[in-house]
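All remarks here apply to the structure that follows.
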Amino acid sequence: MIRSLPVLVLMLLATFYASAQDLHFSQWFNSPLTTNPANTGFIPQSDYRLGANYRNQWSTIMSVPYKTMSVWGDAQFLRDRIETGWLGIGGVVLRDVAGSGSLTSTKIYGSIAYHQMVGQAHLLSAGFNAGWVNKRVNATDLKFPDQFDGRFFSKDIPTSVVLDNPNINYFDVQVGLNYAFFPNENLYVNGGFSAHHLNRARESFFSPGNGEDNRIPVRYIGFANASYKLNNDVIINPMAYYTRQANTSEIVAGGNVQYNLSGDGEMELIGGLYMRLNDAIIPTVGFQWKNIRLMFSYDQTTSTLKQYNNGRGAYEFALIHNGFYNEYNGDRRQSFCPTF
């Protein structure tokens, strides 16, 4: 029972304080709209895309593991009306269920961005998204410190903790900027910066006036990636990601390698390795068939938490479909990224 105390404390902090870390995916590059709203409609190889993500975390130490799911989509508009730019419109739905109290987050965002070519090899993008957030918790399934009898937590012991409102809603706002450089058909470089929760909404299951700052801290995200075509069979994709919210930060760096299985680029094998600094090693593997890509990653814990989860942190899936508005567009459309 004592081994579960650090987990309980961690769960309570995540439940009741707004300084807790945001939802996130290890495959941040496969969740573009939650990484940066300026990614909306920035689709180097197609006209629109649809995606889904799933993450299961801490299943070895939690009776109810953390599960994060999302579905999203975005598309390009006005490419035939704006000579050197276009508009991106999209949306994302996020859902997260955490712990025995079923702390549930539901987020629905609409997103818009504008993309402007500068010369022949540069692209600047600015994006904005806003949406509705709901958080709720089932307090009857939670156990609090004053219910510990020295050996076990017991529901027969009354608790002094009272949640004033176990179901809350608020409005949320994000903005972002992107830059892309593609000097030739074999090289592509991209970087961006975004700020999340700009309106700093209040998030608490307790009534205002309890002395706590329940406003959500602004979260900052910066990323950089590149794509280089080594030859007709291999493309390498180095990437790095940094995020900070309140006193919590995360750095992820690594990359993927795409291997051309079919000669014409319709079938690709994808493999990669990432490291989250002071936390985990993240191997990835994936497969692409025509315009559909499926990727799997696994977080192998390297921090001190591994003594509780035996190194087994999280597994994650991402599914993305890229499409064109008509069957001929794929032959005519310029691709900013190296392709087979």
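The values are calculated or read from the model by the stated rules, or taken from the named source; none is laboratory data. Just so we're clear, the structure is a prediction, and the values are computed from it rather than from any experiment. FYI the Cβ positions are ideal-geometry reconstructions off the backbone, even for glycines, and counts take in every protein chain you see. To get the accessible areas, we keep the full protein, side chains included, count just its heavy atoms, and leave off ligands, DNA and RNA. Shrake-Rupley method; radii C 1.70, N 1.55, O 1.52, S 1.80 Å.
Taking the Cα centre of region 187-311 as the origin and placing charges on Cβ (Lys, Arg +1; Asp, Glu -1), which of I251, M275, G265 is farthest toward the positive end of the dipole? The listed residue farthest towards the positive side: I251. Rolling a 1.4 Å probe across all protein chains gives Y325 an accessible area of roughly 120 Å².
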